[in-house]
């Protein structure tokens, strides 16, 4: 069977529309991806509380890596959706300044909690709870009236 040029053009146009449909859909659910990323990280931490073993460890690694990578990739896009691109560099800088402050203080607090309790259990519970709170707060994000078009 011979395929004509018009059939090829129609199929490539269909593929192009499907690609753009996926892109538009992903743009529309950025906030939901951010929420899912935080939830995945929290669930990964809870896996560590279930027990020991290579299978749990690798499940943790995969879930946490996907969640963390998703949050890293999508957070600037969510900031852009909320506040526009005019001051996006400053907003992302402030975002990372706060994240860096947490990375500076977090290990010291985790160490104090672990030394006080004698186990990592409360540290992991607090870490998972903070990720679930982040998911809740990210889910509550509403678009600013100034950026609505």
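Coordinate-derived values only; no laboratory data. All values derive from a computational prediction rather than experimental measurement. Neighbour counts are summed over all protein chains in view; Cβ atoms, including those assigned to glycine, are modelled from backbone coordinates with ideal geometry.
What the table below lists for this structure:
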quantity: Protection proxy ranking, peptides 34-43, 107-116, average beta carbon neighbours within 10 Å, highest first; calculated: 34-43, 107-116
quantity: Those residues of the stretch 95-111 whose amide nitrogen sits under 17 Å from the label point placed on residue 133, 7 Å along Cα→Cβ; calculated: 98-111
quantity: For the stretch 29-147, the fraction of alpha-carbon pairs in successive 10 Å shells from zero, as %; calculated: 13, 37, 33, 13, 4, 0
quantity: Full-stretch length increase - residue 99, residue 50 - with 0.36 nm per residue and alpha-carbon distance subtracted; calculated: 14.9 nm
